[in-house]
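K.L.:
One structure, as structure tokens, below. Some questions next.
The values are calculated or read from the model by the stated rules, or taken from the named source; none is laboratory data. Quick caveat, the model's predicted, so the values are computed rather than measured. Heads up, the Cβs are rebuilt from the backbone with ideal geometry, glycines too, and the neighbour counts pull from every protein chain shown.
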Amino acid sequence: MNSIFPIDIELLKPKIYFRPMSLVSEIFDLVQKQFESEGTGHDWYHIDRVRKVALHLAKLEGGDSEVVELAALLHDIADHKFHGHDLAVGPAKAREIILEKGGSVDLADKVGLIISETSFKGAGVETPVSSIESAVVQDADRLDAIGAIGIARTFAYGGSIGQPIYDPELVPEAHDSFEAYAKTRTSTINHFYEKLLLIKDRINTDSGKKIADERHKVMEEFLDQFHKEWEVDL
Ligand code: ADP
Ligand code: NI
């Protein structure tokens with residue numbers, strides 16, 4: 001004790017508290033860095049919207065928010081479209097990251113399973129979900145593929161692979177296997193009929209369905225106008 005001051009001088013010294021970063025915030029930072037300059041519609045803002053919408057749906061519908069947030073953050077970490085259409089790469093990479101950052105095997109397994117269930121795999125291919133967490137993440141990802149942002153993303157992706165905006169010679173297909181869906185040569189307008197317009201009827205949750213109905217109308221109006229202009233119907 002210092003003789004001049006009646007209180008312990010040690011108590012006045014600033015203290016630095018080291019608070020360990022949570023697993024979610026560590027993975028948030030890692031994913032944000034990796035997706036910063038993506039230009040195919042799979043940018044960081046897509047991931048962040050899926051994260052926000054998935055957490056919003058989980059609040060209304062239930063589900064463990066840590067599992068939901070991690071799965072949303074990691075759902076496109078190794079997209080099959082950029083890995084020879086191998087559906088196992090994404091879930092494996094997500095598991096690896098969670099374990100590396102100190103997450104439990106149980107958490108890594110849960111997140112890996114959700115990611116394996118998230119992707120759209122063709123009009124005729126069922127994509128069932130095994131938990132409420134998986135339901136809200138799948139809904140959030142699909143909601144970001146429709147509406148005004150969905151339109152922008154699909155043309156960004158179509159352009160990135162050199163696909164035509166529209167080609168009347170190419171007829172939309174209802175793919176009954178993931179292989180056929182992944183390998184098809186299509187136009188971006190056809191992608192609306194092969195995936196985007198089918199989404200509203202494949203949403204899992206009631207809260208997600210309401211959002212999908214509004215976004216679906218935006219795409220229908222866009223397509224009506226597109227075909228009108230294409231036909232030079234003045
Ligand atoms: P998500 O990121 O929602 O899982 P995908 O990985 O299937 O969806 O595709 C990313 C974006 O690219 C989506 O908006 C999707 O509709 C679009 N997309 C996927 N395949 C095609 C395609 N052949 N032509 C145009 N857009 C596509
Ligand atoms: Ni996605």
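K.L.:
Given the conditions (1) at pLDDT 95 or above; (2) buried (at least 20 other Cβ atoms within 10 Å of the Cβ); (3) of a type outside the set (Gly, Ala, Ser), report the number of the one that Tyr193 does not fulfil.
P.N.:
(2)
K.L.:
Are there any pairs, at least 6 apart or on different chains, whose C-beta atoms fall under 7 Å, with the first in the stretch 184-207 and in a loop (DSSP other than H, G, I, E, B) and the second aromatic (Phe, Trp, Tyr) and away from ligand 2 (no atom under 16 Å from the Cβ), and if so, which?
P.N.:
Listed pairs, sorted by first residue: Ser187/Tyr166.
K.L.:
Further, regarding this structure: Looking at Ala174, Ala180, Ala152, Ala148 in this structure, which one is surrounded by fewer than 20 Cβ atoms within 10 Å (Cβ to Cβ), within 15 Å of ligand 2 (Cβ to nearest atom) and not basic (Lys, Arg)?
P.N.:
Ala152
K.L.:
Would you check which residues across the stretch 172-190 are hydrophobic (A, V, I, L, M, F, W, C) and touching a helix residue (DSSP H, G or I) at 6+ places or on another chain (Cβ under 8 Å) and list them?
P.N.:
Correct list: Ala174, Ala182, Ile189.
K.L.:
Scan the stretch 29-54 residue by residue and report those that are surrounded by fewer than 18 Cβ atoms within 10 Å (Cβ to Cβ) and either of a type in the set (D, E, K, R) or over 21 Å from Ala156 (Cβ atoms) (or both).
P.N.:
Within the stretch 29-54, Asp29, Leu30, Lys33, Glu36, Glu38, Asp43, Asp48, Arg49, Lys52 meet the criteria.
K.L.:
Under the condition of being closer than 12 Å to Ser134 by Cα and not β-branched (Val, Ile, Thr), which residue from the stretch 67-80 is surrounded by the fewest Cβ atoms within 10 Å (Cβ to Cβ)?
P.N.:
Glu69
K.L.:
Given (1) exposed (fewer than 12 other Cβ atoms within 10 Å of the Cβ); (2) under 19 Å from the mean Cα position of the chain (by Cα), where does Ile161 come up short, assuming only one miss?
P.N.:
The failed condition is (2).
K.L.:
Between residues in the stretch 141-153 that are more than 19 Å from Trp44 (Cβ to Cβ) and part of a loop (DSSP other than H, G, I, E, B) and residues that are within 12 Å of ligand 2 (Cβ to nearest atom) and among the acidic types (Asp, Glu), which pairs lie under 9 Å by C-beta distance while being six or more apart or on different chains?
P.N.:
Going by the 9 Å Cβ cut-off, there are no qualifying pairs.
K.L.:
Another question about this same structure. Report the residue count in the stretch 11-65 for those that are among the small types (Gly, Ala, Ser) and at pLDDT below 90.
P.N.:
3
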